[in-house]
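Novice: My structure is below; once you've seen it, I'll send some questions.
The values are calculated or read from the model by the stated rules, or taken from the named source; none is laboratory data. Bear in mind the structure is a predicted one, so any value in this text is a computation, not a measurement. Cβ: placed from backbone, ideal geometry, glycine included. Neighbour counts: every protein chain shown. Heads up: the accessible areas ignore ligands, DNA and RNA and are worked out on the full protein's heavy atoms, side chains in. Shrake-Rupley method; radii C 1.70, N 1.55, O 1.52, S 1.80 Å.
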Amino acid sequence: MKHRPPIFATAVTALCLALTGCSSTAEGTLPGADSADTGKSSSTKPSADNTGAAQKTGNPANPRELLEAAISNAKKASSVKVSQYDKDGSYATATGKLDSSNFETTVRISGSYSFKIMKVDDTTWLQPRDDKTIDELGLPKAALFKYVELKKSAANKFNENSPQNFLNKSLDMLEKAKDIPIEDATKVETMGDPSKSYWRVMIKSNSKYALVRISADGKNNLLAVSGFSDSQFDFEKWDSITSISGPEGQDKLSA
């Protein structure tokens with residue numbers, strides 16, 4: 001059976017739980033729900049160092065301090081947008097607060113399911129985005145692109161797909177890398193937009209190289225992590241996510 005990254009497996013596992021306002025037939029288990037591994041997927045997203053027109057210039061005085069600053073800043077952040085990409089075209093993007101109180105997550109599992117999760121305060125909604133998800137859950141066709149309020153049992157599982165959990169997964173890899181020799185650290189200056197310049201930190205992990213991108217604007221924000229596993233993580237909008245509002249009445253599935 002094909003393994004899914006935990007972020008996908010957690011999401012599809014949660015779908016088998018009962019939903020508020022749904023028929024009693026919404027109890028099936030989606031494929032892959034029992035196949036979570038330790039994060040092995042691979043990325044179809046362009047390489048974390050693929051920036052088009054750019055030039056590379058000198059090395060930072062202490063690349064390890066640069067990496068540690070990025071980790072420290074990420075741990076202190078209040079909000080972020082983070083995406084994980086999988087080789088087969090699956091992806092998940094989570095945006096919101098890092099205390100898991102307010103966020104939205106979009107999940108697309110290639111060849112199977114597509115849905116969005118929204119959490120505002122103590123309420124979590126699910127929005128099915130394809131017929132296969134609706135059919136598997138026994139939802140009416142009218143539920144397509146409508147928000148369905150989740151029961152607490154289902155919401156607890158879905159709430160694990162928060163920006164905080166995405167970030168923690170990347171930070172776990174970076175913490176382990178702090179003791180690995182840093183192979184290279186190079187500043188990449190994006191032509192025409194200095195604000196997008198970044199430090200490219202190369203770390204040799206076993207026989208492979210991992211890549212970490214860190215902003216070169218003085219803020220030392222984490223921008224991308226790839227190569228530690230087959231997954232790629234991208235980060236943006238650090239500390240700049242405004243509160244996410246719940247769905248409007250017309251966007252909810254009518255009882």
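Novice: I'd like to check one number: the per residue accessible area of segment 62-135, probe 1.4 Å, reported in Å² as a whole number.
Specialist: Normalised by residue count, the accessible surface of segment 62-135 is 36 Å².
Novice: What per residue convex hull volume, in Å³, comes out for segment 52-164 when only alpha-carbon positions are used?
Specialist: Here the figure is 145 Å³ per residue.
Novice: Could you sort 122-132, 99-109, 66-76 so that the peptide with the highest average Cβ count within 10 Å comes first and the rest follow in order?
Specialist: 99-109, 122-132, 66-76
Novice: Oh, and also: If you count only protein heavy atoms and use a 1.4 Å probe, how large is the accessible surface of Lys157, to the nearest 10 Å²?
Specialist: So the heavy atoms of Lys157 present about 80 Å² to solvent.
Novice: How compact and how long is segment 97-163, expressed as Rg and Dmax of its alpha-carbon atoms in Å?
Specialist: That works out to 11.8, 34 Å for Rg and Dmax.
Novice: Which of the residue pairs Lys97/Lys157; Lys75/Lys208; Lys119/Lys237; Lys116/Lys219 have a Cα-Cα distance greater than 23 Å in the structure shown? Don't skip to the end; give the middle numbers.
Specialist: Working: Lys97/Lys157 18 Å; Lys75/Lys208 26 Å; Lys119/Lys237 19 Å; Lys116/Lys219 31 Å.
Listed pairs above 23 Å: Lys75/Lys208; Lys116/Lys219.
Novice: OK, next. Just to make sure I understand: if all protein chains stay in place, what is the order of Leu253, Leu137 by accessible area at 1.4 Å, largest first?
Specialist: Most to least solvent-accessible, the answer reads Leu253, Leu137.
Novice: Using 0.36 nm per residue, how much length does the chain from Glu236 to Lys75 gain when fully extended, once their Cα-Cα distance is taken away?
Specialist: Full-extension gain reported as 56.5 nm.
Novice: Can you sort Glu136, Glu149 by solvent-accessible area, 1.4 Å probe, largest first?
Specialist: Output order, biggest surface exposure first: Glu149, Glu136.
Novice: Follow-up. Given the Cα atoms of segment 67-126, and with Rh set as the inverse mean 1/r over their pairs in the Kirkwood sense, what is Rg to Rh to two decimals?
Specialist: 1.06
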